[in-house]
1. Build a GNM of the chain with springs between Cα atoms under 10 Å: which of Gly95, Gly287, Gly28 gets the top mean-square fluctuation?
2. With the Cα gyration tensor of segment 257-440 in hand, convert its eigenvalues to equivalent ellipsoid semi-axes via √(5λ) and list them largest first in whole Å.
3. For a label point 7 Å from the Cα of Gln229 along Cα→C-beta, name the residues of segment 424-446 whose backbone N is under 17 Å from it.
4. Given an 8 Å cut-off on Cα distances and at least 6 residues of separation, report the relative contact order of segment 51-114 as a percent.
5. Take the Cα gyration tensor of the chain, multiply each eigenvalue by 5, square-root it, and list the three semi-axes largest first, rounded to whole angstrom.
6. Any idea what angle helix 128-137 forms with the longest principal axis of the chain, computed on alpha-carbon atoms, 0 to 90 degrees, nearest 10?
7. Just from its helices, what would the mean residue ellipticity at 222 nm be for the chain, if runs of 4 or more DSSP H residues each count -39500 (n - 2.57) and the sum is divided by every residue, rounded to the nearest 500 deg cm²/dmol?
8. With the calculation restricted to Cα positions, what are the radius of gyration and Dmax of segment 202-261 in angstrom?
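The values are calculated or read from the model by the stated rules, or taken from the named source; none is laboratory data. Please read all numbers here as calculations on a predicted model, not as lab measurements. Glycine gets a Cβ as well: all are built from the backbone with ideal geometry, and neighbour counts include every protein chain shown. Areas reflect the complete protein model, heavy atoms only, side chains present, ligands, DNA and RNA absent. Shrake-Rupley method; radii C 1.70, N 1.55, O 1.52, S 1.80 Å.
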Amino acid sequence: MCAIVGVINSKEAAKVSYYALFAMQHRGQEATGISACDNDKIKTIKDRGLVTKVFNEGSFEILKGTLAAGHNRYSTAGNDSILDAQPIYARYSLGEISIVHNGNLINKNEVRARLIEDGAIFQSSMDTENVVHLIARSKKEHLRDRIIEALQVIKGAYCFIILSRHKMFVIRDRYGVRPLSIGRLKDGGYIAASETCAFDLVGAEFIRDVNPGEMLTFESGKDEYKAEQLFDTDSRICAFEYIYFARPDSVIEGKNVYEIRKKMGEALAEEWGVPDADYIIPVPDSGVAAALGYAAKSGIPFENGIVRNHYVGRTFIEPTQEMRSQKVKLKLSPIAALLNGKKIVVIDDSIVRGTTSKQIVSILKHAGAKEVHMRIASPAIKHPCRYGIDTPSYQELISANLSEDEVRDYIGADSLKFLSIDSLVKSIGDERKYSLVSFDGNYFIQ
Ligand code: AMP
């Protein structure tokens, strides 16, 4: 999971990218980077860490120009070394390019092996580097055609922003698995970003989503951009964007994420009510919107029964299981005075490994809760996502290995229920299709 941004024809393109990346920090915290171009030379700054750590005022002395692309990394392919930070910059026969990618390429190993056999030397373990090599090795005369040729070779979920010294290419795969939108900046420039929350921070006006299978080409100094439909579409935005990933204030394909999360909570209350419960309590912050929906539908009072320490990073940042369980305790504390002797419904958006839920039930029971009923505002995750979400293997997914009752016993809850796939789809809107691989195992990109 990552965030990407591209800016063109704006006086301070790198600074706008910086703010956009800051707004999209939730999509990746491992590394960040920006390339900027003054129509002569592309310069790049990237490093491990958060946006506010990697960039300072001095960065923008270097990142000059009206063209920029940026990235926040959350590794789903490759590892978390500095070599795997983006943008990937390269010099090649037509000049210079810089590329940022959100998604995951499923045939990366085959393509990489072929390229290596052909003499390519790789710098990183990222799937994105395949695209750089494919572009560099193409015999086509124009970058546009080289990009299209590369897109014929790769398979998977992708949103790309590719900069040359004078152009910006904005591309979304034919399934549109990851979101990507474009907006207009106040100074007349254009911005492309993974989430619309980036537009709000930089004062850009939303124009439209990039369509699945579409490539938009923006040119320095030109007000018009070119839109080309490269592939037939089979649109399936990832349902997990609505469930967990995207920021609640973002609008994805015309739907506000917060409102959808509330609807999921309402549907959960309809499907799996808990009679005579005293309070609905969210897991902060991921369960808040769904808990509000659940409380509204059930008529049971909503209470913030768990306090979150905001100075601890996301649970998933530390790679080892040992660190993960420690972090949940650092992050969440119950309000004992509220919980003592009460029958509680706890709402979270999802269960992945089961670490969070187990800790939550345990801290609530220690705080004196009489009964803890866990309600999850998404279906059980039974399959790893191969399209860009960090749910890596079957072994680690608790619901892939244990039945619902076994998971309930493992987390120590008095009851456990998940939203059905049907209700999930109805909550987002059943007029279109979604990527639901984590729930139904339908790997539609083969
Ligand atoms: P777990 O503790 O492994 O069961 O993970 C579930 C918790 O992590 C929930 O509170 C979710 O909000 C959050 N979560 C779900 N999916 C992800 C993900 N791919 N990356 C980071 N956090 C996640």
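1. Gly95
2. Result for segment 257-440: semi-axes of 23, 21, 15 Å.
3. 433
4. Result for segment 51-114 is 25 percent.
5. Values: eigenvalues 325, 94, 83 Å².
Square roots of five times the eigenvalues give 40, 22, 20 Å.
6. Result, in degrees: 20.
7. -8000 deg cm²/dmol
8. 14.3, 41
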